[in-house]
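Chemist: Below are the structure tokens for one structure; questions will follow.
The values are calculated or read from the model by the stated rules, or taken from the named source; none is laboratory data. In this text the structure is predicted, and so the values were computed from the model without any measurement. Note that we place each Cβ from the backbone using ideal geometry, even for glycine, and neighbour counts take in every protein chain shown. Side chains are part of the model used for accessible areas, which takes the heavy atoms of the whole protein and leaves out ligands, DNA and RNA. Shrake-Rupley method; radii C 1.70, N 1.55, O 1.52, S 1.80 Å.
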Amino acid sequence: MPVQDLEFDRAHGLRSIPVRFGVPASLAISRLLHVVAIACLAGLAFVTPFGPLYLAGVAAVAAMLVYEQSLVSAHDLSQVKRAFDLNGYVGILYLLVLVVSLYGRW
């Protein structure tokens, strides 16, 4: 999540997205970039021989990202760490889906 280090960034004069645009806008940017990422991952299925299992995995990744985004709002940042940790599992899930799609024959 983009706002996890907001106070640190401000204290050290960093010009991060949350410092520059504020919390609500940085959450919107984060959501937009997650949509773009899912579109790119889904688009990969159209230029590779990945099957329906890959698309199901991308759908699971998308669901996890939607849940991650639902944990944080501009008025409640108490779950930022939880959302950040969940993002690590998103990466692991996608890696597993990709490996199975590349090397599995299901």
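Chemist: For residue 85 and residue 32 in the same chain, what is the full-extension length gain: residue separation times 0.36 nm, less their Cα-Cα distance, in nm? Could the numbers behind the result be given before it?
Modeler: Numbers: separation 53, 0.36 × 53 = 19.08 nm, distance 1.95 nm.
So the extension gain works out to 17.1 nm.
Chemist: Measure out, as a whole number of angstrom, how far apart the alpha-carbon centroids of region 22-57 and region 74-106 sit.
Modeler: Cα centroid to Cα centroid, the span is 12 Å.
Chemist: A follow-up question, please. Can you tell me, using C-alpha contacts under 8 Å and at least 6 residues apart, the relative contact order of the chain as a whole percent? Present the calculation step by step, with values, prior to reporting the outcome.
Modeler: Values: 76 pairs, mean separation 29.1, N = 106.
Over the chain, the number comes to 27 percent.
Chemist: Can you send over the carbon and sulfur percentage of the accessible area for the chain, probe radius 1.4 Å, protein chains only? Kindly include the intermediate steps, with their values, before the conclusion.
Modeler: On the way: 4760 of 6870 Å².
Carbon and sulfur atoms account for 69 percent of the accessible area of the chain.
Chemist: Right, another one. I'd like to know which of 56, 93, 44 lies farthest towards the positive end of the charge dipole of the chain, counting +1 on Cβ of Lys and Arg and -1 on Cβ of Asp and Glu.
Modeler: It is 44.
Chemist: Before I look further, what does the chain give for accessible area per residue, probe 1.4 Å, in whole square angstrom? Display every interim value, and only then the final one.
Modeler: Working: 6870 Å² over 106 residues.
Accessible area per residue, the chain: 65 Å².
Chemist: So if we plug the beta-carbon distance of residue 8 and residue 39 into 1/(1 + (r/R0)^6) with R0 = 25 Å, what FRET efficiency do we get, rounded to 0.05?
Modeler: After rounding to 0.05, the efficiency reads 0.20.
Chemist: In whole Hz and in residue order, list the ³J(HN,Hα) couplings for region 24-31 that follow from phi through the Karplus curve 6.51 cos²θ - 1.76 cosθ + 1.60, θ = phi - 60°; x for Gly and Pro.
Modeler: x, 5, 5, 5, 5, 5, 4, 5
Chemist: I've got another one for you. Using a 1.4 Å probe, how large is the accessible area of residue 21, given in Å² and rounded to the nearest 10?
Modeler: 120 Å²
Chemist: Where does each of 75, 12, 34 land when they are ordered by accessible area, with a 1.4 Å probe and the largest first? Mind showing how you got there, number by number?
Modeler: Working: 75 185, 12 110, 34 40 Å².
Putting 75, 12, 34 in descending order of accessible area: 75, 12, 34.
Chemist: Averaged over all directions, how much area does the convex hull of the C-alpha atoms of region 1-54 cover when projected, in nm²? The partial results should precede the final answer.
Modeler: Numbers: hull surface 19.2 nm².
So the Cα hull casts an average projection of 4.8 nm².
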